[in-house]
Amino acid sequence: VVLVLLAAMGVFTAIPFLFSIVQSIKPVDELFVYPPRLTVSRPTLDNFAVLFNLTSSTWVPVSRYLFNSLLLTVCGTVGNVVVCSMAAYPLAKLKFHGRKLLFNLVVVSLLFTYEVTFIPNYVILSKLQMLDTFWALLLPAVATPMGLFLMKQFMEQIPDSVVESARVDGAGTLTLYWRIVMPQVKPAWLTLVINSLQSLWNREGLEFIFSEELKMFPTILKQVASSGVARAGAAAAAAVILMIPPIVVFLLSQSNVIETMASSGIKE
């Protein structure tokens, strides 16, 4: 009974993903059938061909948009993991005055959404003369309150005796952080990688980027696919393309997350 219920829930949660794929291979006359169907009578790849032709006709090569998104995603994800983990380590394993106050500020910052912090971010980036530069998107992405909170909570689960034993053996702070703590919190930073990649890959950043050659890949896909009913198929194809990288990364890291969560618990 449990397996049947889990299978049913899995199929139910997979419906949006399956629907997006089916929509991308439907001809135009099937896209607007009501009610929408999860089946396609005449599958075709014309939608992807149309999307490719539209992107190939832009005055800035589509490879430049793709490079911008890949660069932002890779640098932002790596930077987010490194910065959040390095900031979380002293909060979790070092004793100093003001530690609780700093962590409480991090917790309070979780209450604020992107819309609330948009204007302060814009003003700060403007004062730093970083608007319309790659740094305007990268710098806010390398330090997130949720990432710091997640890493700190996982690091606190590591027994202090493990850290103290390594320190007695002569390990320095950097060695303790990189060779002792980070392998034990693998579920945390793998989860952070997935969340960061999904967020950054779909980032458009039009509020900070104005030059065409600095715009992101999702921007050009949405622009070429937003020309009304005639481009509905291209829009569906663009949605599928944008889903591929986060799904691939999740599938590659899912087994590691589950295995590490099941075997990395260390007891005193």
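The values are calculated or read from the model by the stated rules, or taken from the named source; none is laboratory data. A quick note: this is a predicted structure, and the numbers were derived from the prediction, not measured. Don't worry about glycine lacking a Cβ; one is built from the backbone with ideal geometry, like all the others, and counts go over all protein chains shown. Heavy atoms of the whole protein, side chains included, go into the accessibility calculation; ligands, DNA and RNA do not. Shrake-Rupley method; radii C 1.70, N 1.55, O 1.52, S 1.80 Å.
Note the angle between two axes, namely the Cα long axis of helix 145-155 and the longest principal axis of the Cα atoms of the chain, as a number of degrees from 0 to 90, rounded to the nearest 10.
For helix 145-155, the angle is close to 50 degrees.
Chymotrypsin sites (Phe, Trp or Tyr not before Pro) within the range 87-142: which are DSSP loop residues with at most 16 other Cβ atoms inside 10 Å?
Working: sites: 96, 103, 112, 114, 118, 122, 134, 135; in loops: 96, 112, 134.
Taking the range 87-142 and a limit of 16 other Cβ atoms within 10 Å, the loop chymotrypsin sites (Phe, Trp or Tyr not before Pro) found are 96, 112, 134.
At R0 = 35 Å, how high is the FRET efficiency between residue 49 and residue 114 if r is their beta carbon distance? Nearest 0.05 is fine. Before the final figure, lay out each step's value.
On the way: r = 35 Å, r/R0 = 1.01.
After rounding, the FRET efficiency stands at 0.50.
Cα centroids of the range 12-90 and the range 158-175: how far apart, whole angstrom?
Going from one Cα centre to the other spans 44 Å.
Expressed as a whole percent, how much of the Cα-Cα distance distribution for the range 80-150 exceeds 19 Å?
Details: 1076 of 2485 pairs.
Pairs farther apart than 19 Å: 43 percent.
Can you check what the net charge comes to around residue 174, using other residues whose Cβ is under 14 Å from the Cβ of residue 174 (Lys, Arg +1; Asp, Glu -1)?
Values: positive: 93, 167, 179; negative: none.
Every neighbour counted, the sum reads +3.
Just the accessible area per residue of the chain, please: how many Å² with a 1.4 Å probe? Can you show the working numbers first?
Numbers: 15780 Å² over 268 residues.
That works out to 59 Å² per residue.
Using the Cα gyration tensor of the range 190-252, with a ≥ b ≥ c the square roots of its eigenvalues, what is the shape: rounded (a/c below 1.5), prolate (a/b larger than b/c) or oblate (neither)? Walk me through the intermediate numbers first.
Details: a/c = 3.34, a/b = 1.34, b/c = 2.50.
Oblate is the answer for the range 190-252, as a/c is 1.5 or above yet b/c matches or exceeds a/b.
Can you run phi through the Karplus equation (6.51, -1.76, 1.60; θ = phi - 60°) for the range 29-35 and list ³J(HN,Hα) in whole Hz, with x for Gly and Pro?
5, 8, 5, 10, 5, 10, x
With the dipole of the range 84-240 worked out from charges on the C-beta (+1 for Lys and Arg, -1 for Asp and Glu) around the Cα centre, which of 217, 188, 116 lies farthest toward the positive end?
Comparing the listed Cα positions along the dipole, 188 ranks first.
Among 125, 94, 192, which one shows the highest mean-square fluctuation when the chain is modelled as a Gaussian network with alpha-carbon springs under 10 Å?
Judging by the Gaussian network model, the answer is 94.
Rounded to whole Å and sorted largest first, what semi-axes of the equivalent ellipsoid does the C-alpha gyration tensor of the chain yield via the square root of 5 times each eigenvalue? Walk me through the intermediate numbers first.
Numbers: eigenvalues 327, 137, 48 Å².
Each semi-axis is the square root of five times an eigenvalue, giving 40, 26, 15 Å.
Per DSSP H run of n ≥ 4, the term is -39500 (n - 2.57); total these for the chain, divide by its residue number, and report the mean residue ellipticity at 222 nm rounded to 500 deg cm²/dmol. Don't skip to the end; give the middle numbers.
Details: 12 runs with 178 residues, N = 268.
The helix contribution divided over the chain gives -21500 deg cm²/dmol.
Toward the positive end of the charge dipole of the chain, about the Cα centre and with charges on Cβ (Lys, Arg +1; Asp, Glu -1), which of 35, 202, 66 goes farthest?
Value computed over the given set: 202.
Please work out, to two decimal places, the log10 of the ratio I(q)/I(0) at q = 0.26 Å⁻¹ from a Debye calculation in which every Cα of the range 108-191 carries one identical scatterer.
-1.22
What does the charge dipole of the chain about its Cα centre add up to, to the nearest 20 debye, if the Cβ of each Lys and Arg holds +1 and the Cβ of each Asp and Glu holds -1?
Approximately 280 debye in magnitude.
Pick out, in residue order, every one of the trypsin sites (Lys or Arg not before Pro) in the range 1-105 that is DSSP loop and has at most 11 other C-beta atoms within 10 Å; say none if there are none.
Values: sites: 37, 64, 93, 95, 99, 100; in loops: 37, 95.
Here the trypsin sites (Lys or Arg not before Pro) that fit, given the DSSP loop and packing criteria, are 95.
Would you report the distance distribution of C-alpha pairs in the range 151-214 as whole percents per 10 angstrom bin, up to the bin with the largest distance?
18, 33, 20, 17, 10, 2
In degrees, nearest 10, range 0 to 90: what is the angle between the Cα axis of helix 186-201 and the longest Cα principal axis of the chain?
40
Could you give the alpha-carbon Rg of the range 14-58 over 2.2 N^0.38 Å, rounded to two decimals? Numbers along the way, then the final one.
Working: Rg = 11.8 Å, N = 45, 2.2 N^0.38 = 9.3 Å.
The reported ratio for this selection is 1.26.
Per 10 Å bin, what is the whole-percent P(r) computed from every C-alpha pair distance within the range 44-203?
9, 29, 29, 19, 10, 4, 1
For the range 28-131, would you read off the P(r) tail past 25 Å as a percentage of all alpha carbon pairs? Intermediate results must be reported in sequence, preceding the final value.
Numbers: 3127 of 5356 pairs.
Distances greater than 25 Å cover 58 percent of the Cα pairs.
Could you work out how far helix 46-56 tilts from the main Cα principal axis of the chain, as a 0 to 90 degree angle to the nearest 10?
70
When the accessible area of the range 7-144 is computed with all protein chains present and a 1.4 Å probe, what percentage of it is carbon and sulfur? Intermediate results must be reported in sequence, preceding the final value.
On the way: 6470 of 8710 Å².
Carbon with sulfur: 74 percent of the solvent-accessible area.
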